Amino acid sequence: GESVGLHLPTLSVQEGDNSIINCAYSNSASDYFIWYKQESGKGPQFIIDIRSNMDKRQGQRVTVLLNKTVKHLSLQIAATQPGDSAVYFCAESGLGKLIFGQGTELSVKP
Amino acid sequence: EPEVTQTPSHQVTQMGQEVILRCVPISNHLYFYWYRQILGQKVEFLVSFYNNEISEKSEIFDDQFSVERPDGSNFTLKIRSTKLEDSAMYFCASSEGGQPRYYEQYFGPGTRLTVT
């Protein structure tokens, strides 16, 4: 069935380093893939999305890569800051509803 | 910047009681959603709503759940007879458009429901 999952539950990086968070998906028919950031006690906050006909999209300090061949999605955060500490979810858009992955907790060490 | 708001932030109820969770979506948005997140788990879709009717619902959204847009601004989720396993964070979201194409969904801060 449809599923979106994450490879690693936790990721710890040094402040200033780049972070890479990975995601695997199984529904090749999904049209959009989205990354959300969730801070403690808050709702998911949109970071960046990518359409299935693209393989890379850049935002401010973030880049999303999509590899449809292996059904893999990644989020790269450049120069990671303490404020980036949060749980990151990938999600796929399934005809309106969002199907979320399990989440990766990013911890930034000063 | 416009945002989705939810009330209350925390609701404690006894098993078997009815609860109503309230949301005010972004004003020009047309599609509304409820998701839930059990502690430590992923966010799960419950229901989508457009033009005063349910567009899609998940297996979780059984007969104990209902949604309503009672006026031009509020969107509510009612759980008729709460169970212990309904304890979760409930998120409301809204978007300008909806299926079949993708529109960005904006999430509220959530209501933490605790069933005792």
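If the only charges are +1 at each Lys and Arg Cβ and -1 at each Asp and Glu Cβ, what is the size of the charge dipole of segment B:6-116 around the Cα centre, to the nearest 20 debye? Mind dumping the intermediate values first?
Working: 10 positive and 13 negative charges, 50 e Å.
I would put it at about 240 debye.
Need one number for segment B:5-97: average projected area of the convex hull over its C-alpha atoms, nm². Intermediate values should be presented prior to the final figure.
On the way: hull surface 23.4 nm².
Seen from a random direction, the Cα hull of segment B:5-97 projects 5.9 nm² on average.
Which residues of segment B:53-88 show a drop of at least 10 Å² in accessible area when all protein chains are present, compared with their chain alone (probe radius 1.4 Å, heavy atoms only, ligands and nucleic acids excluded)?
Residues passing the criterion (a loss of at least 10 Å², heavy atoms only) are B:56.
Over both sides of the B-A contact, add up the buried accessible area with a 1.4 Å probe and give it to the nearest 100 Å². Mind dumping the intermediate values first?
Details: alone 6790 and 6160 Å², together 11270 Å².
Rounded to the nearest hundred, the buried surface is 1700 Å².
Suppose a student asked you for the relative contact order of chain B, using Cα pairs under 8 Å spaced at least 6 residues apart; what percent would you report?
Numbers: 279 pairs, mean separation 44.0, N = 116.
Here the relative contact order equals 38 percent.
Between B:77, B:30, B:21, which gets the highest mean-square fluctuation from a Gaussian network model of chain B, Cα cutoff 10 Å?
Sorting by GNM fluctuation, first place goes to B:30.
With the solvent-accessible surface defined on protein heavy atoms using a 1.4 Å probe, which residues belonging to segment B:1-49 display a reduction of at least 30 Å² in accessible area in the multichain context relative to the isolated chain?
Residues of segment B:1-49 that lose at least 30 Å² of accessible area once the other chains are added: B:35, B:37, B:42, B:43, B:45.
Report the equivalent ellipsoid semi-axes for the protein assembly as shown in whole Å, largest first, defined as the square roots of five times the eigenvalues of the gyration tensor built from alpha carbon atoms.
In descending order the semi-axes read 30, 20, 16 Å.
What percent does the relative contact order of chain A come to when contacts are Cα pairs within less than 8 Å and at least six residues apart?
Details: 275 pairs, mean separation 41.6, N = 110.
Taking the mean separation of contacting Cα pairs over the length of chain A, I get 38 percent.
Calculate how large, on average over all directions, the projected area of the Cα convex hull of chain A is; give the answer in nm² to one decimal. Don't skip to the end; give the middle numbers.
Working: hull surface 26.4 nm².
If you wrap the Cα atoms of chain A in a convex hull and average its projections, you get 6.6 nm².
Say R0 is 30 Å: what FRET efficiency, to the nearest 0.05, do residue A:54 and residue B:20 get from their beta-carbon distance? Before the final figure, lay out each step's value.
Numbers: r = 41 Å, r/R0 = 1.38.
Calculated transfer efficiency: 0.15.
Rounded to whole Hz and in sequence order, give me ³J(HN,Hα) for segment B:73-82 from the Karplus expression 6.51 cos²θ - 1.76 cosθ + 1.60, θ = phi - 60°, writing x for Gly and Pro.
Values, residue by residue: 10, 8, 9, 10, 10, 10, 10, 5, 9, 5 Hz.
Can you pull the mean other chain C-beta count within 10 Å for peptide A:96-106?
Working: counts 16, 15, 11, 5, 7, 2, 4, 5, 0, 0, 0.
Taking the mean over all residues of the peptide, I get 6.
The values are calculated or read from the model by the stated rules, or taken from the named source; none is laboratory data. Computed from a predicted structure; not experimentally measured. Every residue, glycine among them, receives a Cβ derived from its backbone with ideal geometry; neighbour counts consider all protein chains shown. Please note that ligands, DNA and RNA were not included when accessible areas were found on the heavy atoms of the full protein model with its side chains. Shrake-Rupley method; radii C 1.70, N 1.55, O 1.52, S 1.80 Å.
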